[in-house]
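Nothing in this text is a laboratory measurement; each read-out follows from the coordinates by a stated rule. Keep in mind that this is a model prediction, so the values were computed, not measured. Note that we place each Cβ from the backbone using ideal geometry, even for glycine, and neighbour counts take in every protein chain shown.
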Amino acid sequence: MSTKPQDILLGVDVPIDAGLQRAAGGPTQAIIDEVRASGLRGRGGAGFPTATKWQLAKDATGEAKFVVCNADEGEPGTFKDRVLLTERADLVFEGMALAGRAIGASQGIVYLRGEYRYLRAHLESVLSARRDRRVLGTAILGIPGFDFDIEIHMGAGAYVCGEETALIESLEGHRGEPRNRPPFPVNTGFFGQPTIVNNVETLALAARIVHRGGAWFAGFGTPASRGYKLFSVSGDCEKPGVYELPMGIKVMELLELVGGLHAKAVQVGGASGRCISRAEFDRSLCFEDLATGGAIMVIGPGRDMLRVAKNFLEFFVEESCGQCTPCRAGNVALLEGIELLIAGRCSMAHLHELKSLGETMRLTAKCGLGQSSPQAFLSIVEQFSDEVLGQQPRA
Ligand SMILES: Cc1cc2nc3c(=O)[nH]c(=O)nc-3n(C[C@H](O)[C@H](O)[C@H](O)COP(=O)(O)O)c2cc1C
Ligand code: SF4
């Protein structure tokens, strides 16, 4: 597979507002159709088809509709959205305006991670320049009825507020706790109105797709995972950073690019993702194989895998909102189990219980946080059983 950059988001020649110029005056359905033709799936992790989300919101009825840009970026190991907001804010806002045009929303909101407060002044100045250029505000590009503006709402440092329904609760001024789904935000979102929540990268890509056409984007990647993707690469490698690569690239190819071929393991998808050993380095980064929002942590040969798992579990114990028992109590129990494993005092029977608890959490936790938090632990126990079990009593 070619790993050559295609200047999709981070290349030197990415034009501003070309998608808006091309599509704003045409039928609104054409915007969604172009996104559908691209095969774009959400870049926030879950990979929901973007056009389907937009169509559902377009077809929903409400007094008002909203476009929310999820810029919470709280997953440990993820920093690609920060780069986009720093270097390509115009493209993100263009994508939001196109989404607004497509679904019939006149208000956009950027939910900005609390730790990115330093970016706010920059983003406000980009918004202000856009109003001056008539690509934001009333009668965008002089088109009567195309009214769309964007405001920035600061998060306050809770990881769970990246989950779209907790994010909406937080926007409404409540505690950031996930809602029951259904109903889904496309029907009942911000203050009960149809709302789309999209990742920063998804929105920027939508702007490029509307400019270049869905077929152009669909020409890259794999059948079920079209296009390019930003990967945040960190850890034990020579060249950490943000890489724009085709979907479907193999883990080994990525490691070669970043100078991490010596890796013992790779954590795919941040703390909530899966840890793979060298035996799986020929697997592909795409929705049909190793799905990821883009966080790739390279784990070098000197690392203790139980301490890696402990580090992630400590994060989840801290960040669980506490609303449901599998997550609130389960993460604590898993962390205690890891401490026993590190001390060499975990019996096989107890390890079996811990694995079963992890599976129960996956199936019964209310939101993605508790459903995915056992994943790193479970995969480390499975993939590094010699290292994990070496010190334990046999009973
Ligand atoms: C605990 C948790 C945290 C999340 N954090 C983020 C985040 O920071 N950014 C993001 O785009 N999506 C995050 N998501 C996924 C969102 O709920 C949602 O699926 C996403 O914003 C949809 O956008 P997309 O369709 O463009 O991917 C998180 C999900 C969970 C369960
Ligand atoms: S899974 Fe965790 S974060 Fe999600 S609702 Fe339950 S307690 Fe809260």
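So what is the relative contact order of the range 18-218, in percent, for Cα pairs below 8 Å that sit 6 or more residues apart? Intermediate values should be presented prior to the final figure.
Details: 397 pairs, mean separation 69.5, N = 201.
35 percent.
For residue 166, the shell of other residues with beta-carbons less than 13 Å away shows a net charge of -3, using +1 for Lys and Arg and -1 for Asp and Glu.
Determine, from the Cβ-Cβ distance of residue 348 and residue 304 and an R0 of 22 Å, the FRET efficiency 1/(1 + (r/R0)^6), rounded to the nearest 0.05.
Efficiency for this residue pair is about 0.60.
Taking all Cα pairs closer than 8 Å and separated by 6 or more residues, the relative contact order of the chain comes to 18 percent.
With N denoting the number of residues in the range 354-395, provide Rg(C-alpha) divided by 2.2 N^0.38 Å, to two decimal places. Could you put the intermediate results ahead of the total?
Numbers: Rg = 12.0 Å, N = 42, 2.2 N^0.38 = 9.1 Å.
This ratio for the range 354-395 stands at 1.32.
Return the percentage of antiparallel bridges among DSSP beta bridges fully within the chain, rounded to the nearest 5 %. Present the calculation step by step, with values, prior to reporting the outcome.
Details: 19 of 40 bridges.
Around 50 percent antiparallel, to the nearest 5.
Is it possible to state the helix-based mean residue ellipticity at 222 nm for the chain, with each DSSP H run of 4+ residues giving -39500 (n - 2.57), the sum divided by total residues, to the nearest 500 deg cm²/dmol? What is it?
Per the formula, -12500 deg cm²/dmol.
Value of Rg to Rh for the range 221-299, rounded to two decimals, is 0.92; Kirkwood radius and Rg both from alpha-carbon coordinates. Considering only alpha-carbon pairs that sit under 8 angstrom and 6 or more positions apart, the relative contact order computed for the range 105-171 is 42 percent.
On full extension, the segment bounded by residue 118 and residue 21 gains 31.8 nm, given 0.36 nm per residue less the C-alpha separation. Projected onto its three principal axes, the C-alpha set of the range 305-389 covers 34, 20, 20 Å, listed from the longest axis down.
For 242, 186, what ranking results if the residue with the fewest other Cβ atoms within 10 Å of its Cβ goes first? It would help to have the intermediate numbers written out before the result.
Values: 242 19, 186 22.
With the sparsest Cβ surroundings first, the list reads 242, 186.
Within the chain, helices built from complete DSSP H runs that reach 20 Å or longer along their own axis (Cα positions) and carry a mean Kyte-Doolittle hydropathy of 0.5 or higher are 89-103, 325-342. Semi-axis lengths, largest first, of the ellipsoid equivalent to the range 18-218 are 23, 19, 17 Å, with √(5λ) applied to each eigenvalue of the Cα gyration tensor.
Using the C-alpha atoms of the chain, what convex hull volume per residue, in cubic angstrom, is computed? Working shown, then result.
Working: hull volume 49.9 nm³, N = 395.
Each residue corresponds to 126 Å³ of Cα convex hull volume.
On the beta carbon distance between residue 314 and residue 7, with R0 = 35 Å, the FRET formula returns roughly 0.30. Quick one: if the Förster radius is 22 Å, what FRET efficiency do residue 151 and residue 33 give, using the C-beta to C-beta distance and rounding to 0.05? The pair residue 151/residue 33 has a calculated efficiency of 0.15. Expressed per residue, the C-alpha convex hull volume of the range 132-265 stands at 199 Å³. Sorted largest first, the spans of the alpha carbon positions of the range 252-375 along the three principal axes are 42, 32, 23 Å.
Restricting to bridges with both residues inside the range 18-218, how much of the DSSP beta-bridge set is antiparallel, in percent to the nearest 5?
Numbers: 2 of 19 bridges.
Beta bridges within the range 18-218, antiparallel portion: roughly 10 percent.
Annotation: the residues 191, 79, sorted from fewest to most other C-beta atoms within 10 Å of their own C-beta, follow the order 191, 79.
Size check on the range 1-78: the Cα extents along the three principal axes, sorted descending, read 43, 33, 23 Å. Net charge in the neighbourhood of residue 288 (other residues with Cβ under 14 Å of its Cβ; Lys, Arg +1, Asp, Glu -1) is +4.
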